[in-house]
Structures are given as C-alpha cells and as structure tokens.
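Here's the structure we're looking at; comments come further down.
What follows draws every value from the coordinates through simple rules; no lab data is involved. No experiment lies behind these values; they were computed from the predicted model shown. Methodologically, a virtual Cβ is constructed for each residue, glycine included, from the backbone with ideal geometry; neighbour enumeration extends over all protein chains shown.
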Amino acid sequence: MSVDEADSNEKITYKIILIGDSSVGKTCLFKKITTGDYFDKNISTIGMDRKSFQLNIPVMDNGTKRERNFEIQLWDTAGQERFRSITTGYYKGSQGLFLLYDITNIETFENLDKWISGVRDSLGSNEKGDKYIIILLGNKLDIVKEHPEMRRVNTADAERKCKENDIIWGGECSVKDFTKEELEEKFKGYTEEIYKRIGFRVVKSQVIKQIGPIKKKEGCAC
Ligand code: GDP
Ligand code: MG
C-alpha cells in the first residue's frame, strides 16, 4: 500500500528485530525500551522475546506534517546468535533490522558482514526498492567516555561500513546510560526513516501481546 492510499488515522505496524553478536547489548536494549529497566549482567533466555509499544511521530504525508501512531513490534533473539542459527523465520516480515555491535569489541564489528549477508540471503537484496532497512548501532559508548583507550571501532569506520553496504548509520549509544525516553527519541528517528523509505502496512484489528520466551523448535526460529 502506498502512503497515498492510507487512512491517516490508522495505526502503522512495524516489525523490528535486534541482531548482532552475543553480548553487544540487544537484550538490554529490548528491556530498557520496553520496561525502562537496565540489568548489569547477561540475561539469558531461550528462544526469543517480542513486545509491542506505541510511538506517536510527526511525519510528512503528501507534503503535510501530521502525527501518526506507530506500533513497534520489537523482537529480541536470545542465545541463538552464538550458534549462527538465526533462520529466515525470524527475519521474515521485518521492516527494520537493528544491527548492534560493541564499540569496545572489534570482533563484533568484524562479524557485521556475516550478519548483513545473513539478512540479504533471507530477505533479498532490496534492489527493486526498499522492503526493509538495516540500521547499524554502536553500543557501550559509556565505557569509552570513561576510558577512551578502550575504543576498538572508530566512528568513521562504522560510517564507511554503512556506505559500503547501503545500510543506515544509527549512531553510537549507551543502552546503560541512555534513559528510556532518550532511546525512544532514537527509535522515533529510526521509525521515521523506515516510514520514509518503505511506507507501511496497516494492521487493523490484530491485538499483539508480549509472548515468550518461546521454546526453540528444531530448524525454525519462529
Ligand atoms: P546480548 O547478548 O546482545 O543480548 O547482550 P546483553 O544485553 O545480554 O548484554 C551483554 C552485557 O553487556 C551485559 O553484561 C550488559 O550489562 C552489558 N551491556 C549492555 N549494554 C551496555 C552498555 O550500554 N554499556 C555497558 N557498559 N555495558 C552494557
Ligand atoms: Mg540477549
């Protein structure tokens, strides 16, 4: 559906998934944005989690700025990234893929190529117009603010990686230090970017609740 065809009052739903190496901060981000809480240790879950929340964002529709209501269905993998076993079922139907790395851990940056090709293999190349967007986020900024010598990934290298792979640079952040409201502001910017690039789908009467953790089925991440 194009932006023109849409009823401007209808809710727009996006599936957004968190990907990236183990321990980059995906679950902390998931928890902070959905509950406001931060946990200073690894939280392990089997399978995956998903939770929905609403964002009201002013967007441009046919040259007019108006506030629209977005429902973000956020998905977090748990544990599977260790085994590189995330399957197409997890990626399927997502409009936004937030790819995280740890700016104090070079390996998590070097592995980005594998993540990007995993997404392209599952969702296609985006050549004929964007169906989904990948947004790159560098996490754990608080550590390098206190100890600059612990930085292992330069911002310029991350920006270059985005240009080379046609993905969006979401910036550096600290899930630990950022408040829920600050993270929401970031999410609003990313959601607006998805809206600009790929439009939307409207889910009318579907009630989406938090589920999970879901037990992992063999050969299927869904
Ligand atoms: P996941 O495996 O990607 O889900 O990573 P987690 O969310 O479980 O986080 C792994 C570890 O990194 C935990 O010990 C977190 O407390 C820590 N962590 C996550 N985000 C940050 C951050 O912004 N700053 C710092 N210093 N530690 C973080
Ligand atoms: Mg996790």
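Subtracting the Cα-Cα distance of Glu110 and Asn62 from 0.36 nm times their residue separation leaves 13.2 nm of extension gain. Candidate cross-link partners of Lys188 among the aspartates and glutamates, defined by an alpha-carbon separation under 15 Å and a same-chain spacing of 8 or more, comprise Glu67, Glu71.
Report the net charge of residues surrounding Lys176, where surrounding means a beta-carbon distance below 10 angstrom and charges are Lys +1, Arg +1, Asp -1, Glu -1.
Numbers: positive: Lys32, Lys140; negative: Asp40, Asp142, Asp177.
Around Lys176, the charge tally is -1.
Taking amide H as placed 1.01 Å from N in the peptide plane, Asn139 has its amide H under 5 Å from the amide H of Tyr101, Asp102, Ile103, Cys173, each at least 5 places away in sequence or on another chain. Using Cβ point charges alone (K and R +1, D and E -1), the dipole size of the range 131-200 about the Cα centre works out to roughly 280 debye.
Which pairs break 29 Å Cα to Cα here: Lys65/Lys145; Lys51/Lys145; Lys26/Lys131; Lys11/Lys145; Lys145/Lys196; Lys26/Lys161?
Long pairs (Cα-Cα over 29 Å): Lys65/Lys145; Lys51/Lys145; Lys11/Lys145; Lys145/Lys196.
Oblate is the label for the range 141-200, because the ratio a/c of its alpha-carbon gyration tensor axes (a ≥ b ≥ c) is 1.5 or higher and a/b is not greater than b/c.
Highest first, please rank the peptides 20-30, 182-192, 116-126 by the mean number of other Cβ atoms sitting within 10 Å of their residues. Please list the in-between numbers first.
Details: 20-30: 22.6, 182-192: 17.4, 116-126: 15.1.
Ranking the peptides 20-30, 182-192, 116-126 by packing returns 20-30, 182-192, 116-126.
Here r is the Cβ-Cβ distance between Lys92 and Asn165 and R0 is 25 Å; the resulting FRET efficiency, rounded to 0.05, is 0.75.
Round to the nearest 0.05 the FRET efficiency obtained for Phe39 and Asp142 when R0 = 25 Å and r is the Cβ-Cβ distance. My answer for the efficiency is 0.95.
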